[in-house]
Structures are given as structure tokens and as C-alpha cells.
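Remarks on the structure that follows.
The values are calculated or read from the model by the stated rules, or taken from the named source; none is laboratory data. Note that the coordinates shown come from a computational prediction; the quantities given were computed from them, not determined experimentally. Positions of Cβ are generated from backbone atoms using ideal geometry, with glycine treated the same way; all protein chains shown enter the neighbour counts.
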Amino acid sequence: MPAATGSSFSALPPRREVWWTWGLGLGVALLGLALRVAVSLAPVDPHTVTAAFPPTWGAERSFLVAAGEGEIVGVAPLPFLVTVSDTQPDLARRLRAAGAIAILHPSLVRLCGSRPRS
């Protein structure tokens, strides 16, 4: 049977379009996931937060800085994650100004095996 002439039928799009489409879709999905994670990790109670200090600081420096900004109410097995509580509403801002690289929801640290400080 002879091939149809004058018809430019193609069942598949060019390869470049396929990769670009998949790349764009994957990028949008990753951006959405990153936003979702960022929102879920943000502390709800501004009076109790977990501060993540630079890992190179060590436990002593992290605890000293955290204790200077509020009461330490929990520690994680990772020495740079410290849960702090204070009655002032600007605790997260003060911890960031003191050197914390991230402010997290305290329940996240419980997943890492956090224990209350006695």
C-alpha cells in the first residue's frame, strides 16, 4: 500500500518540546512542594519556636545564644536545633538576628527525637 502523500502527520511531538514540557511541569511541581513545606514548617505559636543555628557553631554556642533570647524548653539530638519559648512576640526575629539560620515549628524537632530540657 503506498504512503499517503501531501500529509504531514506526526504522532509524536519533537523531542525538544517533550523535554521542555516535562521540565516545566517538574519545576512547577517542585516549586509548589517547596512552598507547601515552607508553610507547614513555619511556627504557629510565636512564643515557642525551634531555632536552627549554623551546624558549625556546636552545642555550647547554640545554647548560649538561644538562652540569651528566651527559655530553652527542648533540645534535639542535633546540637544546633534548640526549642525556645518567650513571652515576647518577636522571638523569631530576635533569634534570626542572633544568628539562627531558620525558625521551625517545634513539632518538627519532635520527629528528630527531641526531648524536653530538665
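Things worth noting here:
- Which listed residue is free of Cβ contacts under 8 Å to residues at least 40 places away in the same chain and hydroxyl-bearing (Ser, Thr, Tyr), from Thr56, Thr87: Thr56
- Under the condition of being polar (S, T, N, Q) and closer than 21 Å to Gln88 by Cα, the residues counted in the range 51-75 number 1.
- Hey, Ala92 under 19 Å from the mean Cα position of the chain (by Cα), under 16 Å from Thr56 (Cα atoms) and in contact (Cβ under 8 Å) with a residue 24 or more places away in the chain or not: no
- Scanning the range 67-94 for residues that are assigned to a helix (DSSP H, G or I) and within 18 Å of Ser107 (Cβ to Cβ) yields Leu91, Ala92.
- Residue check for Leu64: modelled with pLDDT of 90 or more and not in a strand (DSSP E or B): yes
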